Amino acid sequence: MSDFHIMKGGGRTAAMPVIRHIGLRDLKESLAQGIDDFWAMPSQLVFIGLLYPIVGIILGVATSDKNVLQLLYPLLSGFALVGPILAIGLYEMSRRREAGLDTSWGHAFEIFHSPSLPAILAIGFMLLALFVGWLMTAEALYEELFGPKAPANYMHFIRGIFASEQGRALMIQGNLIGAVFAIVAFSISVISLPLLLDRDVGAGVAIKTSVMAVAKNPVIMAIWGLIVALMLALGMAILFFGLAIAMPVLAHATWHLYRHVIEPIPFDQCNPHRAA
């Protein structure tokens, strides 16, 4: 498929979607609908949802080596940057349930038949690049404050963070920089990925629509971003297994948030795989 199609989409549905103003009621309804989807489709959510705590545990074990302890927090917090692309199969399940289609877990992989797949992958690579950029920035900040030598162990690392000026500077500056990465990732993906499942508009239109939707509803989208951050933090706090609930609920709710934000179009103008 050509680069033009990746960016511009299939032509007929590539016009800019109509963006609505939304309020707190829309957030509440989106969350309620996300929870309803979670309970209505538990088998596939266990299958897919357990991937998240497994990944979290792998990240923790991988960073137990003293050479990368300083990257544990950036890895865990940065996990949210690539979360939207990992959740896209769950967006698909909510889309299918909404359309009255079969929702057995195997249909989560219907995204591979979507005409928007190249555009979805393009955005996925953008999110991955942000993730890598965040890790590199976090490592550079640590080395600037503490030097190139890695912490000897967890206790040494924790004491260095909480009992020194450098540690406090690392927490403040690191979280501020991380927030910038998170805002960028959130802005380009919160609406774009659900939109691409629904319509073959191309990555360019999808990203522009997502950014414009955030700009048009800054307060509500900021609240949604905080809800996402809090739920992910709680999920990680429960030995990562809370992510098996938090991630699916957020994924399903994000699909419904997209429905509240974007004006619908006639059924026959949506992606062909809707009828799958």
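How high is the relative contact order of the range 126-276, given as a whole-number percent (alpha carbon pairs under 8 Å, six or more residues apart)? Could the numbers behind the result be given before it?
Numbers: 81 pairs, mean separation 28.5, N = 151.
Reported as a whole number, the value is 19 percent.
Aspartates and glutamates within cross-link reach of Lys208: Cα-Cα under 19 Å, excluding same-chain residues under 8 positions apart?
Straight-line reach from Lys208, under 19 Å: Asp3, Asp198, Asp200, Glu263.
Please give the per residue volume of the convex hull enclosing the alpha carbon atoms of the range 122-209, rounded to a whole number of Å³. Present the calculation step by step, with values, prior to reporting the outcome.
On the way: hull volume 9.2 nm³, N = 88.
Output value, Cα hull per residue: 105 Å³.
Rank by packing, highest mean first: peptides 167-174, 26-33, 190-197, with packing defined as the count of other Cβ atoms within 10 Å averaged across residues.
Highest to lowest by the protection proxy: 190-197, 26-33, 167-174.
If I ignore ligands, DNA and RNA and count only protein heavy atoms, how much of Glu165 is accessible to a 1.4 Å probe, in Å² to the nearest 10?
It works out to around 130 Å².
Sort Asp198, Asp102 by accessible area with a 1.4 Å probe, largest first.
So, going from the largest accessible area down, we get Asp102, Asp198.
Residue-wise, which Karplus ³J(HN,Hα) couplings in Hz belong to the range 219-235, taking 6.51 cos²θ - 1.76 cosθ + 1.60, θ = phi - 60°, and x for glycine or proline?
For the range 219-235, the Karplus curve yields 5, 5, 5, 5, 5, 4, x, 5, 4, 4, 4, 5, 5, 5, 4, 5, x Hz.
Once phi is turned into ³J(HN,Hα) by the Karplus curve 6.51 cos²θ - 1.76 cosθ + 1.60 with θ = phi - 60°, what whole-Hz value does each residue of the range 105-113 show in order, with x for glycine and proline?
4, x, 6, 4, 8, 5, 4, 6, 9
Rounded to a whole number, what % of the accessible area of the range 131-219 do carbon and sulfur atoms account for, probe 1.4 Å? The partial results should precede the final answer.
Working: 3100 of 4230 Å².
Here carbon and sulfur together make up 73 percent of the probe-accessible area.
Give me the accessible area of Ser104, 1.4 Å probe, in Å² rounded to the nearest 10.
Here the residue's solvent-accessible area equals roughly 50 Å².
The values are calculated or read from the model by the stated rules, or taken from the named source; none is laboratory data. Just so it is clear, the structure is predicted and the values come from calculations on it, not from any experiment. Quick reminder, even Gly has a Cβ in these numbers, built from the backbone with ideal geometry, and neighbours come from all protein chains shown. Just so you know, the surface numbers come from the protein's heavy atoms only, side chains and all, with ligands and any DNA or RNA stripped out. Shrake-Rupley method; radii C 1.70, N 1.55, O 1.52, S 1.80 Å.
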